[in-house]
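> Take a look at this one; I'll ask things after.
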């Protein structure tokens, strides 16, 4: 192995390299913090995936006699490629987040079991478990397994609520659990309600988008689709993003100072080495690339080890503690990834720049 190579130096300085790798592994606390803070957003994003293939419509507030709304419904009934389902009274049932506050989830209300089965067939949702001897019908409540555990409920339990965070129009019985891995709530209520859900059916994405655009521009009805729900969620959770990125900056500065100090110690005793490199004619560019490659190798090793530890830790935390309590951490979130990248850049760009600049000024005459 060539003595000038980055790997050679790291092998000869294993203790220092291991210490630096350990420090990089610690920076994954930023990623974990991002998973924790973004958990609420991840839950909503999972539910919002359904909204990409469905749209709700309800009467416009000026449509007193519901003439425009009824015309729109009749027009939609003539569309062969969509699935049109009328909704019952919309209930608001909450989920307790990992941060221990209540958040409302979309509670779909179907007027009969057949409509619910049509919805499940469209999305590939399966009934994981059903109350023995009970058929789904008016008054049936269906949760995903995670939602049931979150609320501490089992099949056959009666659900009603006087919690101000919730609205439940009648007493329901938990009759079935679905196999979804998110927080899903469905109920069957034969109550009358002027809300329809439009499923994409056999329409292409372009055709479905054009249909939604026509509803928004040509028909006097209120339209709620993925974009409107996503904007609503983003507005409500915007504060969390600001908090997270403030924490990232704070932790990154602390980590940058600490890790930079460790690198200073590693490179300080090498000033004579770099002075010799310069004296024998090795270009500054090659020396800078050597520093970059050394730092990069240590960084990559730390990132790989940190990633393995983080994934294993999240897996164990989920399966040994959280899921049985109806909670879960997701393994990935864009905000967490962005935070980790920003943190890494804040830490290592100054290191490479400052150490490289200092070592390039060394002179063999000083040794």
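> Any residue at all in the range 350-361 that's more than 19 Å from residue 26 (Cα to Cα) and part of a loop (DSSP other than H, G, I, E, B)?
yes
> Something else: Just to verify a result, which residue in the range 189-207, among those that are touching a helix residue (DSSP H, G or I) at 6+ places or on another chain (Cβ under 9 Å) and closer than 21 Å to residue 62 by Cβ, is surrounded by the most Cβ atoms within 10 Å (Cβ to Cβ)?
Going residue by residue through the range 189-207, those that are touching a helix residue (DSSP H, G or I) at 6+ places or on another chain (Cβ under 9 Å) are 194, 196-201, 203.
Imposing the further condition that a residue be closer than 21 Å to residue 62 by Cβ reduces the set to 194, 196.
Details: 194: 15, 196: 19.
For the range 189-207, the residue satisfying everything is 196.
Residue-by-condition table, conditions (1) crowded, with 16+ Cβ neighbours inside 10 Å; (2) in contact (Cβ under 8 Å) with a residue 60 or more places away in the chain; (3) part of a helix (DSSP H, G or I):
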{"site": "209", "(1), (2), (3)": "no, no, yes"}
{"site": "213", "(1), (2), (3)": "no, no, yes"}
{"site": "217", "(1), (2), (3)": "no, no, yes"}
{"site": "223", "(1), (2), (3)": "yes, yes, no"}
{"site": "231", "(1), (2), (3)": "no, no, yes"}
{"site": "236", "(1), (2), (3)": "no, no, yes"}
{"site": "245", "(1), (2), (3)": "yes, yes, yes"}
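> Looking only at residues that are in contact with a helix residue (DSSP H, G or I) (Cβ under 8 Å, 6 or more places away or on another chain) and closer than 26 Å to residue 168 by Cα in the range 55-82, which one is modelled with the lowest pLDDT?
60
> Take residues that are surrounded by fewer than 18 Cβ atoms within 10 Å (Cβ to Cβ) and tell me which of the strands (runs of 3 or more DSSP E) falling wholly in the range 72-178 contain 2 or more.
Details: elements: 83-86, 91-96, 102-110, 127-130, 140-144, 172-178.
Filter on the range 72-178 gives 83-86, 91-96, 102-110, 127-130.
> Please go through (1) in contact with a helix residue (DSSP H, G or I) (Cβ under 6 Å, 6 or more places away or on another chain); (2) assigned to a loop (DSSP other than H, G, I, E, B); (3) over 30 Å from residue 324 (Cα atoms) for residue 16 and return the number of the only condition it doesn't satisfy.
(2)
So that you can scan it fast, the table gives a plain yes or no per residue for (1) under 27 Å from residue 7 (Cβ atoms); (2) surrounded by 15 or more Cβ atoms within 10 Å (Cβ to Cβ); (3) outside the structural domain of residue 20 (by TED's automatic domain parsing); (4) out of contact with any helix residue (DSSP H, G or I) (no Cβ under 9 Å at 6 or more places or on another chain):
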residue: 298; (1), (2), (3), (4): yes, yes, no, no
residue: 301; (1), (2), (3), (4): yes, yes, no, no
residue: 306; (1), (2), (3), (4): yes, yes, no, no
residue: 310; (1), (2), (3), (4): yes, yes, no, no
residue: 318; (1), (2), (3), (4): no, yes, no, yes
residue: 326; (1), (2), (3), (4): no, yes, no, no
residue: 330; (1), (2), (3), (4): no, yes, no, no
residue: 334; (1), (2), (3), (4): no, no, no, yes
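> Ok, one more. Can you say whether residue 324 is out of contact with any strand residue (DSSP E or B) (no Cβ under 8 Å at 6 or more places or on another chain), closer than 19 Å to residue 39 by Cα and part of a helix (DSSP H, G or I), as far as the supplied structure shows?
yes
> Related question: Please state which one of 13, 70 is touching a residue at least 60 places away in the same chain (Cβ under 8 Å), farther than 30 Å from residue 246 by Cβ and over 34 Å from the mean Cα position of the chain (by Cα).
Of 13, 70, the one residue that is touching a residue at least 60 places away in the same chain (Cβ under 8 Å), farther than 30 Å from residue 246 by Cβ and over 34 Å from the mean Cα position of the chain (by Cα) is 13.
> Condition test on residue 89, is it within 27 Å of residue 163 (Cβ to Cβ) and at pLDDT below 90?
yes
The values are calculated or read from the model by the stated rules, or taken from the named source; none is laboratory data. Please read these numbers as outputs of a predicted model, since none were measured by experiment. All Cβ positions, even for glycine, are placed from backbone atoms using ideal geometry, and neighbour counts span all protein chains on display.
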